[in-house]
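See below for the structure under consideration.
Throughout, read-outs are computed from the coordinates displayed, never taken from laboratory work. Note that the structure is predicted; figures quoted are calculated from it, not measured. Cβ placement follows ideal geometry from the backbone for every residue including glycine, while neighbour counts extend to all protein chains displayed.
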Amino acid sequence: MTAGANFPESIRLDWLSLVIKYLLVLAFTVCAANHVAAGRIPPQVKFKATLPNELEKIGFINSIIEDDVGYLWFGAIKGLARYDGYQLKIYSYNEDDPHSLSHPWVKKLLLDHDGQLWVTTHTGLCQYLEKSDNFDCFTSEPVATEQNPVEFYYLYEDSRGKMWASTSQGMRYFSPGKRKFSGLSEPLNSALKPERDSDDNFVTALAEDHQRSVWIGLSGNGILRYDQASNSLVHYHQQDGASRLPSNNIREIFVDSNDTVWVGSEGGGVSRFDRKSESFTRLVHSTNEKADAVWDIVEDRTGLFWIADGSGVHIYEPSSGKFAGYHYIEGKTGGPGNFVARDLFIDSANGIWAGYFPSGVDKVDLQASEFINYMHDPNDPQSLADGGVLTTEEDLQGNLWVGCGFGLSYLDRHTGAFKNYVHEPDNPASLGGSTVLDLLLQEDGTLWVGTWDRGLNRRNPFTEEFHRYQENLDDPHSLFGREPWALARDSQAVLWVATEKGINRYNSSSDDFTRVMPNDDDGRPLTQLYTRHINLTRDGKLWIASFDGVYVLDPRSNTYTAHYTHNETEPHSLSWDQVLTTFQDTAGNIWVGTFGGGLDLFVPELDGFEHFGLESGLPDTSVTGIIEDTEGYIWVSTYQGLARFDTSQRRFSHFDKHDGLVSNLFNRNSPSLLRSGELVFGSSRGLTIFDPRALQRNTHLPPVVFTDFQIFNQTIAPGPTQPLATAIGTSPTIHLDHKQSVFSIEFAGLDYNSPNENQYAYRLIGFEHTWNQVGNRRQATYTNLDAGTYTFEVKASNNNGVWNPKPAKLSIVVAPPYWKTPLAYTLYAFFAVTGAAILYRTQRNKLERQRVLVQRLQEIDRMKDQINRNLDRKVAERTKALQEEHERLQETQQQLQSLNKKLDDASVTDQLTGLNNRRFLYRTIQSDVMMVAQQYELAKSQIYNDDALNDLTFFVVDIDDFKEVNDEYGHAAGDCLLVQFSHILRSVLRDDDYIVRWGGEEFVIVIRNLARGRINNIATRLLDKVQQHRFDIGGSQYLHKTCSIGIACYPFIATAPRKLDWEQVIGLADHALYGAKSSGKNAWVRLDAAPNIKADFTNSTVSNEKLKDLLNCEAIVASSSLNTAEIHWKL
């Protein structure tokens, strides 16, 4: 018996049609995959600007290249810039620096076969010296004079490693090893000899084809093809007639993967060379006259050709012969960043870059280009309706109905235009309401529309009129509810409507409704059930998502067969009672999306659920929509973007605005799978359509480079007397003395797809063994390291979480202070041995004298008294000498003890501010904690009065916008500000309180032995003191700054003092600090446990999610100098 034999006939037919549909989709998938492999123009190409304000300083871009480390270099008319994905380093001409560029105008960049970077400037060739981070520049012979200046235009290396340099005195070969220029052989030399008073014969482009023929483009004299094997030339000229070269002003020559020669010219656009006819064919890629000036041509890995011209960027698709153009439009984002595209470059990760005139560089976001976004444009009546997208439905023509917050839209996929329907108060045949909640399209074209607060609408496909169904409290057969959130048809084609009140079954024969409600615990029908979605499963049942869990309804008998809710004691119960959507995939799995519990998978064997939340990689716990693509991946929409779930690997991939979505907030159940295999999702900002098969995971392993090294927040330049012998990226070892106790290392992972989403982990071997997972933070700071040799390691992942397993390494050697050097310990040993020898000799002499004395006493008994007196005198003298020697030894020991105390004090003191550091707090706080905890425990036994109890209160204080001070005025100004800030802290707080510099501009204050009820006044006084202070940052410059404070008291729970340790309390204060800073700054926020708190804390840090739960259930209470309702938490 087949599996379908148990189904009713109507269900078998329904699933048979579904199988046919998926077979058709599968066939389309195979065709689409072949199409993608052949190369196709992305549906909505998006350009992402690279630091436009900074790049504007160096003017228009002439050349882009990637070095063998992974840095990108941008050559421009006013200098050279190196880019690491986060910041630019600018190089330019400096007449006082012989190792700067020879001229600010950079015309061409070249990376030779040895990985050496060469820069062609207006006056010479410059070799980049990586270790010293500067340049060695060369000029042509004969040496230029004022009357005969030598100008450089182009540099090219052929397959034999020979370098060709184009100058105003003709073409020359350049030998980097010999640092010599040499002339060309005939007939090439004569053909490229400059013409007097003309630049027509200047070389502007070179390329070598697969036969090793060199193609040479001239400024105004056409193209030369030089056969190196036969030493022969062919000249192609616009006026020769036969070649059909469209222009003599050549700007680009490109040889593609099929050995076809492409030419870009000024005035002639794009042309290709036909080897059979020995002629050029022009391709008209644009009707814009400015597009006739073509500056660059590249071919990407899919076989598409990218063209940079005077109107922007064009793409050529060889398989179809189609062109697509992209132009700069003032005020529009996502397009080219400027008017004229001058250079194109494809990096090692297949990223495409465009450089512009008058300035700017874009990266083409190929992943984002696969997402087609539609948004409301108030100036375009054919744009999407406003208010965000709530639901979507495809019709039989492949067009799309879209329900929005302010209307119903119909998208014509061929034209991209929308037709909009809204509620018209004077037209009873118009849409009943403009906020569309759900859509359902019947085979006959009838469209059902659920609208918010205005009931259900049925659209006639022929008259385009809407018939309305609304709730009538006097009619039990009217629609039950005013908000039809979900529409579905069962296996018998019966329409079901879910509203804010419950479930309706539509009776087509009587054109009315029957209410089908589940029973309560007493067996009586519920009077209300807030429902959000209905899903038909293959067994013919309806799974209903409600705010009281999931109900399962058998529509054939109108009976409810199951009800699933959340139960804290049952691990396999529903994760959350508020359910937004359900879905059954092609494998029969039933998925449930909840409002706060993430994604659940129904497990029939358990009659329960498997849970997927943040710990599984889901970006957010509110799942608003679920759909399956043609390859079996499950897609879910959330409040933080989209997630794709691989059911075989049990892994999520995350997509958000950085990946090309129009918004991150997908707060309604809007997904659809189109017959084309595309997916549709609606968000609060608009509509997104994409083909999931075209999305490629970023597998590039980002190499990690060191970009800066700072001591006490000051960048260290390399030099023979500096800790860095060479530039930071090339120095294998850094040597520090004991005074250089605070240092920072900056690093970057060179993956440019979405650099801000790259993740980092680092560790300092010799100090720590575990990796510090620091998210996208790119700096590590260490303080007061013991003398020794350490190895700093850092690794990075790309925006898709692919980690480079090979870390970058840097050796750090910290020298001991002079009193702890081997020489010092040798001297200590020498003095100790010498002292012991002196003492031994003294004791031995004493014994010898005593022996002689005994002998003399035996021999001269009658002189006993006199000898005794003499002996007493001498003994007294020797005793005094020994006592003085003993006192000197004691004094030496006291000096050593004092010196050790000073060393100990220095180890717990911040060198800049003189405040205590973290080590001090970890050393001293435990005794305070034990004392306070003991007081509270005794208070529970009524030994102490509660009113007499004192607390430890932790302030986490952060100077607002401190980074802007460093960026604008320099780190010396920042240090001045920190020192003055420490003085303010001392003036406000008591001598008994601990003031600790926690790191950077962050401080921790421990207020000791003071009742927590008196704390808020101190925080307010500190805010006022800082705000009123006029900070002197040097150079007759003054600033006013503010700070933000997070507060928490120990014990946090008075009835259970040891429930949270002091580090967890600091963590809560840090959460409070974030609330203060994200809510306007210059404020304090305090977190306290509710008097009757029953929360189950663990000994780990209180997470953001845990804090959110505690705040929501009022287990933790926030107070602040602000309105607590306006505090933004890091949740």
Exercise. If you count, for each residue, the other Cβ atoms within 10 Å and average over each peptide, how do 751-761, 1007-1017 line up from highest to lowest?
Worked result: 751-761, 1007-1017
Exercise. Just one of (i) 116, 75, 65; (ii) 151, 104, 65; (iii) 119, 91, 75 is Cα extents along the principal axes in Å calculated from these coordinates, so which is it?
Worked result: (ii)
For this session: Hey, can you grab everything whose amide H is under 5 Å from the amide H of Asp296? Only 5+ residues off in sequence or another chain; H modelled, so Pro and N-termini drop out.
Result: Ala308
Problem set entry | Signed unit charges on C-beta, dipole axis of the chain, positive-most listed residue Thr1020, Ala587, His1128 | Thr1020
Exercise. Using 16 Å as the cut-off for backbone N distance, which residues of segment 250-292 belong to the label zone defined by a point 7 Å from the Cα of Gln239 along Cα→Cβ?
Worked result: 250
For this session: Return the distance in nm (one decimal) between the two label points of a simple spin-label model at Ser927 and Ser230, each offset 7 Å from Cα along Cα→Cβ.
Result: 9.6 nm
Problem set entry | Within straight-line cross-link reach of Lys501, lysines at Cα separation under 22 Å, skipping those fewer than 8 residues along the same chain | Lys541
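With only Lys, Arg, Asp and Glu charged, each at its Cβ (+1 for the first two, -1 for the last two), find how big the charge dipole of segment 916-1063 is about the Cα centre; round to the nearest 20 debye.
Values: 17 positive and 21 negative charges, 88 e Å.
Around 420 debye, computed over segment 916-1063.
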Problem set entry | Amide hydrogen neighbours beyond the local backbone of Leu580, cut-off 5 Å, H modeled | Gly593, Thr594, Phe595
Problem set entry | Furthest towards positive pole of dipole, Ala1076, Asn1009, Tyr994, structure part segment 918-1126, Cβ charges | Asn1009
Problem set entry | Entries in Lys48/Lys290; Lys78/Lys739; Lys78/Lys795; Lys322/Lys363; Lys57/Lys795; Lys48/Lys1041 that, when Cα-Cα distance is taken, lie over 30 Å | Lys78/Lys739; Lys78/Lys795; Lys57/Lys795; Lys48/Lys1041
Exercise. Any idea which of Met163, Ile860, Gly264 is furthest toward the positive side of the dipole for the chain, if Lys and Arg beta-carbons carry +1 and Asp and Glu beta-carbons -1?
Worked result: Ile860
Problem set entry | Amide proton proximity set for Thr391, modelled H, under 5 Å, gap of 5+ | Gly403
Exercise. So what J values fall out for segment 996-1002 if you push phi through Karplus, 6.51 cos²θ - 1.76 cosθ + 1.60 with θ = phi - 60°, rounded to Hz, Gly and Pro as x?
Worked result: 10, 7, 7, x, x, 9, 10
Seminar exercise, completed: Restricting to lysines and to Cα separations under 17 Å from Lys846, and discarding same-chain partners fewer than 8 apart, the set is Lys874, Lys880
Exercise. Under the Karplus relation 6.51 cos²θ - 1.76 cosθ + 1.60, θ = phi - 60°, what is the ordered set of whole-Hz ³J(HN,Hα) values for segment 186-203, x standing for Gly and Pro?
Worked result: 6, x, 5, 4, 5, 5, 9, 5, x, 8, 5, 6, 8, 9, 4, 9, 6, 7
Seminar exercise, completed: Along segment 598-603, Karplus-curve 3J(HN,Hα) (6.51, -1.76, 1.60; θ = phi - 60°) to the nearest Hz, with x for Gly and Pro, reads x, 9, 10, 10, 6, 10
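With charges only on Cβ, +1 for K and R and -1 for D and E, what is the dipole size of segment 378-470 about its Cα centre, in debye, rounded to 20?
120 debye
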Problem set entry | Helical mean residue ellipticity (222 nm; -39500 (n - 2.57) per DSSP H run of 4+; nearest 500) of the chain | -6500 deg cm²/dmol
Exercise. Aspartates and glutamates within cross-link reach of Lys107: Cα-Cα under 14 Å, excluding same-chain residues under 8 positions apart?
Worked result: Glu151, Glu252, Asp296, Asp343
Exercise. Which of the GluC sites (Glu not before Pro) found in segment 287-359 are loop residues per DSSP with 13 or fewer other Cβ atoms within 10 Å of their Cβ?
Worked result: Glu330
Exercise. Under a point-charge model restricted to the Cβ atoms of Lys and Arg (+1) and Asp and Glu (-1), what is the dipole moment magnitude of the chain relative to its Cα centre, in debye to the nearest 20?
Worked result: 4520 debye
Exercise. Of Lys332/Lys1077; Lys108/Lys178; Lys108/Lys180, which pairs sit farther than 23 Å apart, going by alpha carbon to alpha carbon?
Worked result: Lys332/Lys1077
Seminar exercise, completed: Assertion target for Lys846, Lys880, Lys46, ordered by fewest C-beta neighbours within 10 angstrom first, is Lys880, Lys846, Lys46
